[in-house]
Amino acid sequence: MNTQEFEFDVVTVQPKASKINLNRSHSQYFTEELGNQIVLEMVSIPKGSFMMGSSESELEAYDSEKPQHQVTVKPFFMGKYPVTQAQWQAIAALDPVELTLNPEPARYKGTDRPVEKVSWYEAVEFCWRLSRLTGRIYRLPSEAEWEYACRAGTNSRFHFGRRLPKNLVNCYGSLSMQGYEKGTTPVGIFGVANAFGLYDMHGNVYEWCADCWHDNYEGAPSDGSAWLSEDEEGEDRVIRGGFWLSYPRHCRSAFRDSCEPDLRSSTVGFRVVCEI
């Protein structure tokens, strides 16, 4: 794969202040051609270690986010944005691997809006078709990979810092959303990314992860792999990131929730990972 460098804006919010700092950063990415001038941009995520979950001192944390534990993650590539409806339609037009895909499942229509109302199984089918098209291994992120990518080197509630700037995300009470119909927004519309170059990691749509749901992190793997069950068929799957009507507490980097794998909801989409 031939990577290119791109620049982007990163926002941080100073603790106990409303001052917002804006900095330019850069990262590596590559693109996949999906046909009809539709492309998928994949951002390089470096290897590293981080503390996954929430500490005992985090007042907003849930028990499911504990115990906090160290995880070491291998390098990978991750979608710059959640999968869009245009990207979904391009892959849905390809021959099935196991499942047929509805080309227009989303409730909130728009080619550059995230696709939603797709089940976990359908998201996996998307990855299989994309892998067959490109000759690379595409899949859903593990929960650890998702949180590591979201944090992008931070250990605060959000990759912005301890506060969520409501004019830069799509969640409950977003200032920029007042006067508009509640729902998803075009990916990257706020123009700011985290330090890895990923957009929309807080709010807009929940994102499917590969992992089965576990009530807490007792016994969780430390190598960044997906945490599966012996009999995983039908098991609830992890969702991350919050959605367009989530309270900020539910958009935190450490927040986790679950859905039945056959659920189709206008609150849940996904983004993909490419293995190196």
*Measuring from centroid to centroid over Cα atoms, what is the spacing of region 115-172 and region 215-239 in Å?*
17
_Val39 long-range amide H proximity, modeled H, under 5 Å_ = Leu34
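How big is D for region 1-147, in µm² s⁻¹ as a whole number, if Stokes-Einstein is applied with the Kirkwood radius of its Cα pairs at 25 °C and 0.890 mPa s?
Working: Rh = 17.9 Å.
Translational D for this selection: 137 µm²/s.
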*How big is the Kirkwood radius of region 135-276, worked out from every pair of different alpha carbons and given in Å to one decimal?*
15.6
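Return the carbon/sulfur percentage of the accessible area of region 87-224, one whole number, probe 1.4 Å, all protein chains in place. Write down the numbers at each step before the final one.
Working: 2700 of 5590 Å².
Of all accessible area on region 87-224, carbon and sulfur atoms account for 48 percent.
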*Dipole magnitude of the chain about its Cα centre, charges +1 at Lys/Arg Cβ and -1 at Asp/Glu Cβ only, in debye to the nearest 20?*
1400
_From the Cα trace of region 42-104, what convex hull volume per residue do you get, rounded to a whole Å³?_
176
_Label selected from (i) 17.4, 53; (ii) 18.5, 59; (iii) 18.9, 67, the criterion being Rg and Dmax of the Cα atoms in Å as computed here_ = (i)
*Amide H of Lys117: which non-local residues (sequence gap of 5 or more, or other chain) have their own amide H closer than 5 Å, using H built in the peptide plane?*
Ser265, Ser266, Thr267, Val268
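Please calculate how many Å² of accessible area the chain carries per residue, with a 1.4 Å probe and no DNA, RNA or ligand atoms counted.
On the way: 12560 Å² over 276 residues.
Spelled out: the 1.4 Å probe surface of the chain, per residue, equals 45 Å².
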*Could you pull out every residue, at least 5 positions away or on a different chain, whose amide H is within less than 5 Å of the one on Ser27? Hs are placed 1.01 Å off N in the peptide plane, and Pro or chain starts have none.*
Phe6
*Rounded to two decimals, what ratio of Rg to Rh does region 62-142 give with C-alpha atoms and a Kirkwood Rh?*
1.05
*asked:* Show me, for region 37-51, the HN-Hα J-couplings you get by feeding each phi into the Karplus relation (A = 6.51, B = -1.76, C = 1.60, θ = phi - 60°), rounded to Hz, glycine and proline as x.
replied: 6, 8, 10, 10, 9, 10, 9, 6, 10, x, 5, x, 10, 7, 8
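The values are calculated or read from the model by the stated rules, or taken from the named source; none is laboratory data. This one's a predicted model, so the numbers in the text were calculated from it and none came from an experiment. Using ideal geometry, Cβ is built from the backbone for each residue, glycine included, and neighbour counts are taken over all protein chains shown. The area values use the complete protein model at the heavy-atom level, side chains included, leaving out ligands, DNA and RNA. Shrake-Rupley method; radii C 1.70, N 1.55, O 1.52, S 1.80 Å.
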